Amino acid sequence: MHYGSLLLDSIGFFDSLPLAKLEVGHHFYWHIGNKTVHGQVFINTWIVIGLLLIASIAATRNIQRIPSGIQNLMEYALEYVRDLTKAQIGEKEYRPWVPFVGTLFLFIFVANWSGALVPWKLFEIPEGELAAPTNDINTTVALALLVSLAYFFAGFRKKGLGYFAKYIEPTPVLLPIAILEDFTKPLSLSFRLFGNILADELVVAVLVLLVPLFIPLPVMMLGLFTSAIQALVFATLAAAYIHEALEGHGEEEAH
Amino acid sequence: MFDFDLTLPLMMAQFVALVYVMNIVFYKPLTKVITDREDYVRSNTTGAKEQLDQANKLAEQYEQELADTRRQSQSTIASAQEEAQQIAQQEIAEVQKQIQAELQQAQQELEQQKQSAFQTLEGQVNTLSNQILDKLLV
C-alpha cells in the first residue's frame, strides 16, 4: 500500500521540497479498544463539519426577511440543494429528503474543496498527512452505504414489503440483475468519489514535485472543478436512487 | 489504500448526526424564512394588484365624469349662444320697428308741414292774385 511514497523516495532529490511529498496509504492511527480509526480523516471531517455548522449558525442567528451577507449565501446554498432534490425526486415527495441530499452535497463539496484549497501539508501530524476526508475510502463508503440505507428506507416506508415487487416487476428473469444493482450502486458511488478526489490530489502532488509553482495551477483549477462536479454527481445520484425506490415500475406505467 | 476499520461506522454515525443537526440549525429555519418571504411577497402582490385595479377603476370613473362635464359645458355654451342670438335678434327687430315708426312719424310730420305750407301758399296765392287783380283793375 505504500507504493506512492516508495515511488517518490526513489527520486530522493525532491524530498528537500517541503510541500511536495506524497503519502498514500499512511494513516495517523488512533486506537479505540483494540480497533483503529484514521485520525487524520476525523480531524479534517471535524473541520469540515465545524465550517458547515458555523456558517449555518451565522446564517440563521439573526434571520431577516431581506437577507444579506452570510444569510444570503446560505439561502442560495439551500435553494440550490432544494432544486437539486426537487429535480430528481419530484415536486410531491422531495421535501423530507432535502436535509439528507443537501447535507451530502454540502459535506462532500466542502470536504473536496478543503482538500484542494488548504495547504494541509503545513500542519504536521505524527504520521500520514491531512487531506480531504473524501480521499479516504472509509468516508466515501460510509456515505454510499448511507445512501443505500436511505433508498431502502424510502422504498419500505412508501410501499412496505411491496417494495420487493420491483425486483421482479418487468420480468423475474432480471431478478439477479436487480439484486446486483443494489450492490453496484454504493460501490460505484463510493469509488467514483474516492477515485476522483484521490487521483486529483495525486496528480497535483506529482506535478508539484516535477515542476513546482505555476505549471500545476491549471491542474489545480481542474481539480476544483472536478471536486464540485463530484459533489454534485454524488448528491444527484443519491436523489435519483431515492426517487427510483419511491416510484417503481408499476406506478410509472400508470402515469 | 483500502484498509477499512472503525472509521467507516463512526463516519456513518457522524454523518447521520450531522444531517440531524443541520436539519435543526440550517434547513428548518432557512426553509421557513424562505416560505414566509414567498407568502409575504405573494400577499403583497395581490394587495398591490387590488389597489391597482381600484386605481384604474377610479381613473376610468374620473375620465367619464370629465367627459360628462365637458359635454354639459358644451351644451351650456351652445344654449347660451343661442339665447344671446335670440336676444340680439329681438333687440334688432325692436330697434328696426322703432326706427320705422320714427321714420313714419317724420314722414307724416313732413306731409303735414307740406300740406300746411301748401295751404299757406294757396292763401298767399289767393291774396297775391287778388292784389294782382286789383293792380290790373286799378
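At-a-glance table
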read-out	value
Extension gain (nm, one decimal) between A:Val203 and A:Lys121, 0.36 nm per residue minus Cα-Cα	27.9 nm
FRET efficiency for B:Lys28 and B:Glu60, using Cβ-Cβ distance with R0 set to 51 Å, rounded to 0.05	0.60
Length gained when the stretch B:Gln115-B:Leu128 is fully extended (0.36 nm per residue, less Cα-Cα span)	2.8 nm
Longest DSSP-loop-exposure-free segment, trypsin sites (Lys or Arg not before Pro), chain A, at most 11 other Cβ within 10 Å	A:93-255
Over region A:143-188 - Rg/Rh using Cα atoms and the Kirkwood inverse-distance radius	1.00
Under 5 Å, built H, 5+ apart or other chain: amide partners of A:Thr36	B:Leu6
Label-point gap, in nm, between B:Val41 and A:Ser68 - each point 7 angstrom along Cα→Cβ	1.9 nm
Anchor A:Lys35: aspartates and glutamates whose Cα lies under 13 Å away (excluding residues fewer than 8 positions away in-chain)	B:Asp3, B:Asp5
Sequence-distant lysines (8 or more away, or on other chains) whose Cα lies within less than 25 Å of A:Lys166	A:Lys86, A:Lys92, A:Lys158, A:Lys185
Under Karplus coefficients 6.51, -1.76 and 1.60, residue-wise ³J(HN,Hα) of region B:63-69 in Hz, glycine/proline x	5, 4, 4, 4, 4, 4, 4
Gyration tensor (Cα) of the protein assembly as shown, equivalent ellipsoid semi-axes in angstrom	113, 29, 18
Value at 222 nm in deg cm²/dmol, rounded to 500, when DSSP H runs of n ≥ 4 in the protein assembly as shown each add -39,500 (n - 2.57)	-27000 deg cm²/dmol
Label-point separation, B:Asp5 to A:His31 (7 Å along Cα→Cβ), nm	1.0 nm
Shape of region A:167-255, Cα gyration tensor, a/c cut at 1.5	prolate
Volume in Å³ per residue [convex hull over Cα atoms, computed for chain B]	176 Å³
10 Å Cβ neighbours from other chains, averaged over peptide A:64-70	2
Inter-label distance, nm, simple model (7 Å from Cα along the C-beta direction), A:Asp182/B:Glu102	12.9 nm
Fully extended contour minus Cα-Cα distance, from B:Ile92 to B:Ala67, at 0.36 nm per residue	5.3 nm
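We did not get these values from a lab; they are worked out from the coordinates using the rules stated. If you're wondering where the values come from, they're calculated on a predicted model, not measured in any experiment. In this analysis, Cβ positions are derived from the backbone assuming ideal geometry, glycine residues included, and neighbour counts consider all displayed protein chains.
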